[in-house]
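Notes for the one structure printed next.
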Amino acid sequence: MVAEPDNRARVKRLLEEELSASLGNLTRLWVTQEHVCLFVVRFITDTLADYWSAVGGLKETKNHIKSTMTLALGVEKGSLIDFETTGRPNIDKEHEVITLGYFHGNELVVIQRKSKEKDLFYDEIKRILRQLPKPFYSYNADFERSVMEGELGMEADPGDFVDIMRPWKNKAEKSGLKWPKLDELISEPEDYFKNNKISGKDIPGLWKAYLAGGTETLLRMIMEHSLSDLLRETILLVRYEL
C-alpha cells in the first residue's frame, strides 16, 4: 500500500490513545522536526502480541517478526502482496521497506522489520518474493513494482503485476470521480464509529517512534495495518472481476 507522508500530530494522538487506552500505560510523547520520541513510563501488557498469538503463529528473530495466519479461502494462482514503507519511490527522499505482507494458497503472512539495519531484512524478503508465484496482485500495483525496482533493486516486469485498483480507477474516471482509496471501497468498524485507526500515512511516524526507543507494540500496530490491507484487498480480488 502506498505510504503517504507522515502526519506527526496524528501519530502523536494515535500513540497516546492506543497505548494509554489499550495498554493502560502512562505515556509521554513529544514531536520534533526530525523525529518522534516515545517514552513509555509504565508498560503493563501487550494486547497486540496476544492478538497475533491468537490468530496465527508468531515467530521472532533478531531482525524481524513474522506472523502466519491460515484462512478458509485462498489465492491459488499468483500472490497478493503489500509493502509498508517510509515513503514513496521517485517521490519521497526516503522509502525504505519495513513490512512485507503476502497471501498465497490459504496462508497469509506478515513480516515486520525490527532493526534500523535493512540489509538482512531485504535479503529475506527478496528471497520470498523470488519464490512467490506470479502474477503479483496489489492495490495500486505501480507502487509495489516501484518499491521492488527502486528500493529492493529487483527486476519487476509490468506484465507480472495485476492492479486490483484498476477497474475501480477506470470506473471513477468515467464517472468524473477521484481514484478511490482502499478505505473508501471497503470500510472497517473503526470508520463507522469514527475511531482512530492506523492508516498508511501513520506508518513512517510509528517506525520512527520505534527506532527512537519505542516498544515492539508499535511494530505490531504496523503489522495489524498490513493485515487489514491484505484482507480487504483479498475481498476485492475474489469477489469482483478484474
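The values are calculated or read from the model by the stated rules, or taken from the named source; none is laboratory data. The structure presented is a predicted model; accordingly, all values stated were derived computationally and were not measured. Here Cβ is always computed from backbone atoms with ideal geometry, including for glycine, and neighbour counts include all displayed protein chains.
Can you find a residue in the stretch 125-135 that is at pLDDT below 95 and surrounded by 16 or more Cβ atoms within 10 Å (Cβ to Cβ)? Taking every residue of the stretch 125-135 in turn, none turns out to be at pLDDT below 95 and surrounded by 16 or more Cβ atoms within 10 Å (Cβ to Cβ).
Yes/no matrix, rows are residues, columns are (1) touching a strand residue (DSSP E or B) at 6+ places or on another chain (Cβ under 9 Å); (2) buried (at least 22 other Cβ atoms within 10 Å of the Cβ); (3) in contact (Cβ under 8 Å) with a residue 12 or more places away in the chain; (4) not in a loop (DSSP other than H, G, I, E, B):
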| site | (1), (2), (3), (4) |
| --- | --- |
| Asp191 | no, no, no, yes |
| Gly205 | yes, yes, yes, yes |
| Leu218 | yes, yes, yes, yes |
| Leu237 | yes, no, yes, yes |
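Among the residues of the stretch 166-180, those that are in a loop (DSSP other than H, G, I, E, B) and under 21 Å from the mean Cα position of the chain (by Cα) comprise Trp179, Pro180. Of all the residues in the stretch 83-101, those that are surrounded by fewer than 24 Cβ atoms within 10 Å (Cβ to Cβ), in contact (Cβ under 8 Å) with a residue 24 or more places away in the chain and farther than 12 Å from Pro204 by Cα number 2.
The residues of the stretch 58-109 that are in a strand (DSSP E or B), more than 20 Å from Glu224 (Cβ to Cβ) and charged (D, E, K, R), listed by number, are Glu76, Lys77. Of the residues in the stretch 142-165, not one is under 20 Å from the mean Cα position of the chain (by Cα), modelled with pLDDT of 95 or more, of a type in the set (Gly, Ala, Ser) and under 16 Å from Leu230 (Cβ atoms). Among the criteria (1) loosely packed, with under 15 Cβ neighbours inside 10 Å; (2) within 27 Å of Ile65 (Cβ to Cβ), the one Glu173 does not fulfil is (2). Give the stretch 110-146 a look and list any residue that's aromatic (Phe, Trp, Tyr) and either in contact with a Leu (Cβ under 8 Å, 6 or more places away or on another chain) or in a strand (DSSP E or B) (or both), or say none. Across the stretch 110-146, the qualifying residues are Tyr122, Phe136, Tyr137, Tyr139.
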